[in-house]
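What follows is a single structure, written as structure tokens, with notes after it.
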Amino acid sequence: MSLDTELAPHPAQRQTSISEEFAAYCAAEFERRRNSGKEFDEAAYREAMEMALSRLRQLEEEGLA
């Protein structure tokens, strides 16, 4: 096995940003919760997601994420 398959890619080699990956995860989780048949506060979820994404993007711009 080569090291390329054993180690995660260096952040500089990322094709997508961490915030994009997080946004995709949040979208999938939102749909999962929505389709679960259980109630959840969609507005609060979206607000929390936007707050987290905003902070993550800020960290990316500062080179910290």
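Here the condition is being modelled with pLDDT under 95, among the small types (Gly, Ala, Ser) and either surrounded by 11 or more Cβ atoms within 10 Å (Cβ to Cβ) or assigned to a loop (DSSP other than H, G, I, E, B) (or both); of Ala65, Ala24, it holds for Ala65 alone.
Within the stretch 1-21, restricting attention to residues that are part of a helix (DSSP H, G or I) and of a type in the set (A, V, I, L, M, F, W, C), which residue is modelled with the highest pLDDT? Per the criteria, the residue is Ile18.
Give the residues of the stretch 33-61 that are part of a helix (DSSP H, G or I), open to solvent by 60 Å² or more (accessible area, probe 1.4 Å) and over 21 Å from Ile18 (Cβ atoms), sorted by residue number.
Listed by number, the residues that qualify are Arg33, Arg34, Glu42, Ala43.
The values are calculated or read from the model by the stated rules, or taken from the named source; none is laboratory data. Everything numeric in this text was worked out from a predicted model, so none of it was measured. Glycine also receives a Cβ, built like all others from the backbone with ideal geometry; neighbour counts cover every protein chain displayed. All accessible areas refer to the heavy atoms of the entire protein, side chains included, with ligands and DNA or RNA removed. Shrake-Rupley method; radii C 1.70, N 1.55, O 1.52, S 1.80 Å.
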